[in-house]
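Participant: Below is one structure. I have some questions about it.
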Amino acid sequence: MRRVLIGCLALLFCVEASAEPLHGIAMHGEPALPRDYAHFSYVNPDVKKGGRITYGVVGTFDSLNPFILKSMRTTARGMWDPEFGNLVFESLMQRSRDEAFSMYGLLAESVEWDDKRSFIQFNLNPAARWSDGQPVTADDVIFTFELLRDKGRVPFSRRLETVEKMEKVGENSVRFTFNDKADRETPLILALSPVLPKHAIDPDTFDRSSLEIPIGSGPYRVKSLKPGERILFERNPDYWGKNIPSKVGLDNYDEISVEYFLQESTLFEAFKKGDIDIYQDGAPVHWARAYDFPAATSGAIVKEVFEPKVPTGMLGFVFNTRRPMFSDPRVREGLMLAFDFEWANRTLFEGAYKRTQSYWQNSELASMGNPADGRELEILGPAVKRIDPAILDGSYRLPVTDGSGRDRKVLRQAFDKFTEAGYSIKDSKMVDASGRQLTFEIMTQNPDQERLALAYQRSLKALGIAATVRTVDDSQFQSRTISFNYDMIIKAFPSSLSPGVEQVGRWGSISRDRDGSENYAGVADPDVDRIIENILSARTAEDFRAAVRAHDRMLLSGHYVVPLYHIGQQWIARRNYIQHPDILPLYGYQLPAWWDARVQ
């Protein structure tokens, strides 16, 4: 009997091991690209590499380690960077930006998993090398996950919470077997994780900010740096992955320089002079009026508008509900109603913006315009009683004012909410039952945010609410947001077509009191937690869509932010010698796919 059992187990193992490893994985369904794909659709595979580019950013840096809390907001850009590219450190797999959430081979050339996604095995590319020539090994993978668990920042420090067992398989593979905390997104999140060199890192000092030049597996090495001002990357001529399909047509410059500026206006002046090659613009008035200098009028600078096919996301004034004055959702709703978008849009932005009504607006994931169906109602469960009927049936819209800045009808709606929460007007002040005036500080980080906050302050004053506006420098802003030391801030919550575990970091109870998390609003709601779990466990596209819409309705009903606006476009100005592929992927322009045409 024992012999038969062993034989059966061996047979099961052989069947599992003989399954053909996968070249790519997707959150839902199958990845779009076939096993023999040559490159991503949005790159130029024939580009001639060379030349250089200079990016500009506002801020500073004091570390080259992007994975620890101490340098979370002050790490040199480009080390591990979704915008400029992961120049030095790499992940196990590479994400396609033309699919909702699909991953293809990078450090791991293939993967294996089962239909239940109870495990994932990463099979490393035997050609993968560190910049010092040493091979990337399974031991490096295990070392990295354990190091980041012990010394890393969120979200890297939490990756092993869903793992029951991490083990080396053979010489070049690592298998992660999941526990009951895992969900269907977990394998893809692990695939997005970085790998660090065990032989080149001292675990005892890893969590200290450092400017020591690291060893990575990426296409670039740090050539030089001037702390807080400039970092220069040079291409590694021996980069191991330059010919694998997921990297063809990317990483096209010989040198990449990132210059730091204290203010946005100074950065733009540097762009005008030719010190910066690309300027990413987000201000309508600036975009319309600021490009009348010689380089722009002569054609040396090109202005372009890109239209990605992704949700708008949510930009808004964020209530820190950890503060007592924002604990009542009726107060938050009253403050939301008090913001006169029409006046601000006309006065500050020449009417360029549209009001944001949903966290996933402009996509099928939005609750806006879509009544909750039976599947959604099942997901919402008892929480359905907490949702505004108009939000539930998809008809809810934020009020439209007369644009005067003092629309009495809308201000009256706001006042009614304050009355419901126990406030009243006394001596022209909005006071609570104890006679304390409703007052709070709006912390901003640049002149554009300050102007918007002052416009909001103007409307609040009409209701007897004392809002102060305080603009702080970048380092102070980052320090205070990490520790949630603010009343109200302006923040953007980008949305994708594949929301997942990042929703836990933004809205989950577990992240509320975790320094450095993105739960800026301080949300801790069991119903929100439960609905996020439904997003993460959805097996079909229909279940996933229903769960995200339910989540959208919960966030809107909670009034955690004062929704602001969106454009739905990406604006960028570039030197005419910096060029890009003709195909625009789903997620918009991809800077790592651009190149310097002077070397053609």
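The values are calculated or read from the model by the stated rules, or taken from the named source; none is laboratory data. What you are looking at is a predicted structure, and each value in this text was computed from that prediction instead of being measured. Glycine gets a Cβ as well: all are built from the backbone with ideal geometry, and neighbour counts include every protein chain shown.
Participant: Hey, does the range 379-398 have a residue that's among the aliphatic types (A, V, I, L, M), in contact with a helix residue (DSSP H, G or I) (Cβ under 9 Å, 6 or more places away or on another chain) and modelled with pLDDT under 95?
Facilitator: Looking for residues that are among the aliphatic types (A, V, I, L, M), in contact with a helix residue (DSSP H, G or I) (Cβ under 9 Å, 6 or more places away or on another chain) and modelled with pLDDT under 95, one finds none in the range 379-398, hence no.
Participant: Quickly run through the range 177-202 and pick out the residues that are more than 23 Å from the chain's Cα centre (by Cα) and either more than 24 Å from Asp529 (Cβ to Cβ) or among the polar types (S, T, N, Q) (or both).
Facilitator: If the condition is that a residue be more than 23 Å from the chain's Cα centre (by Cα) and either more than 24 Å from Asp529 (Cβ to Cβ) or among the polar types (S, T, N, Q) (or both), then Thr177, Asn179, Pro197, Lys198, His199, Ala200, Ile201, Asp202 are the ones that fit.
Participant: Can you pull out every residue in the range 427-439 that is touching a residue at least 24 places away in the same chain (Cβ under 8 Å) and among the charged types (D, E, K, R)?
Facilitator: Listed by number, the list holds a single entry, Lys429.
Participant: Considering only residues of the range 283-299 that are surrounded by 13 or more Cβ atoms within 10 Å (Cβ to Cβ) and part of a loop (DSSP other than H, G, I, E, B), which is modelled with the lowest pLDDT?
Facilitator: The residue in question is Ala283.
Participant: Take the range 238-252 and flag every residue that is touching a helix residue (DSSP H, G or I) at 6+ places or on another chain (Cβ under 9 Å) and either under 24 Å from Arg598 (Cβ atoms) or part of a strand (DSSP E or B) (or both).
Facilitator: Residues satisfying the conditions are Tyr239, Gly249, Leu250, Asp251, Asn252.
Participant: In addition: For the range 352-453, give me every one of the strands (runs of 3 or more DSSP E) that falls completely inside it and has 2 or more residues that are more than 30 Å from Asp473 (Cβ to Cβ) and of a type outside the set (A, V, I, L, M).
Facilitator: Correct list: 424-426.
Participant: Moving on. Can you tell which of Arg230, Arg208 is surrounded by fewer than 18 Cβ atoms within 10 Å (Cβ to Cβ), under 19 Å from Leu591 (Cβ atoms) and within 25 Å of the chain's Cα centre (by Cα)?
Facilitator: None of the other options fit; the residue is Arg230.
Participant: Please list, ordered by first then second residue, the pairs with beta carbon atoms under 9 Å, 6 or more apart or interchain, first in the range 84-104 and without any contact (Cβ under 8 Å) to a residue 60 or more places away in the chain, second assigned to a strand (DSSP E or B) and of a type in the set (Lys, Arg).
Facilitator: The qualifying pairs do not exist here.
Participant: A further question on this structure: Do we find that Ala453 is in contact with a strand residue (DSSP E or B) (Cβ under 6 Å, 6 or more places away or on another chain) and modelled with pLDDT of 95 or more in this structure?
Facilitator: Yes.
Participant: Separate question: Working carefully through the options Ile489, Ile510, find the one that is under 18 Å from the mean Cα position of the chain (by Cα) and not hydroxyl-bearing (Ser, Thr, Tyr).
Facilitator: Ile489 is the lone residue from the list that is under 18 Å from the mean Cα position of the chain (by Cα) and not hydroxyl-bearing (Ser, Thr, Tyr).
Participant: Restricting to strands (runs of 3 or more DSSP E) lying wholly in the range 142-237: which have 1 or more residues that are over 23 Å from Asp62 (Cα atoms)?
Facilitator: Hits in the range 142-237: 163-169, 173-178.
Participant: Which condition from (1) within 24 Å of the chain's Cα centre (by Cα); (2) over 21 Å from Leu536 (Cβ atoms); (3) not polar (S, T, N, Q) is the one that Ala127 breaks?
Facilitator: Of the numbered conditions (1) within 24 Å of the chain's Cα centre (by Cα); (2) over 21 Å from Leu536 (Cβ atoms); (3) not polar (S, T, N, Q), the odd one out for Ala127 is (1).
Participant: Can you tell me which residues in the range 541-571 are buried (at least 24 other Cβ atoms within 10 Å of the Cβ) and hydroxyl-bearing (Ser, Thr, Tyr)?
Facilitator: Tyr560
Participant: Kindly indicate the residue of the range 311-330 that is out of contact with any strand residue (DSSP E or B) (no Cβ under 9 Å at 6 or more places or on another chain) and buried (at least 21 other Cβ atoms within 10 Å of the Cβ) and also nearest to Gly422 (Cα to Cα) among those meeting that condition.
Facilitator: Among those residues, the one meeting the criterion is Thr321.
Participant: Follow-up. Residues in the range 6-43 that are modelled with pLDDT under 95, touching a helix residue (DSSP H, G or I) at 6+ places or on another chain (Cβ under 9 Å) and not aliphatic (A, V, I, L, M): how many?
Facilitator: Counting residues in the range 6-43 that are modelled with pLDDT under 95, touching a helix residue (DSSP H, G or I) at 6+ places or on another chain (Cβ under 9 Å) and not aliphatic (A, V, I, L, M) gives 2.
Participant: Please specify each residue of the range 272-282 satisfying the condition of being at pLDDT 95 or above and assigned to a loop (DSSP other than H, G, I, E, B).
Facilitator: Gly274, Asp275, Ile276, Asp277
Participant: Scan the range 454-469 for residues that are part of a helix (DSSP H, G or I) and either of a type in the set (A, V, I, L, M) or in contact (Cβ under 8 Å) with a residue 12 or more places away in the chain (or both) and jot them down.
Facilitator: Result: Leu454, Ala455, Tyr456, Gln457, Arg458, Ser459, Leu460.
Participant: Now, a different point. So, Thr468, is that one hydroxyl-bearing (Ser, Thr, Tyr) and either closer than 24 Å to Arg346 by Cα or touching a Leu at 6+ places or on another chain (Cβ under 7 Å) (or both) or not?
Facilitator: When the stated conditions are applied, Thr468 passes them.
Participant: Here are some residues: Val57, Val47, Val88, Val43. Which one is on the phi < 0 side of the Ramachandran plot and outside any loop (DSSP other than H, G, I, E, B)?
Facilitator: Residue meeting the stated conditions: Val57.
Participant: Which ones in the range 176-188 are surrounded by fewer than 19 Cβ atoms within 10 Å (Cβ to Cβ) and closer than 13 Å to Leu160 by Cα?
Facilitator: Thr177, Asn179, Asp180, Lys181
Participant: I'm trying to understand the selection: among the residues of the range 144-171, which are under 23 Å from Asp238 (Cβ atoms) and either of a type in the set (A, V, I, L, M, F, W, C) or surrounded by fewer than 19 Cβ atoms within 10 Å (Cβ to Cβ) (or both)?
Facilitator: Glu171
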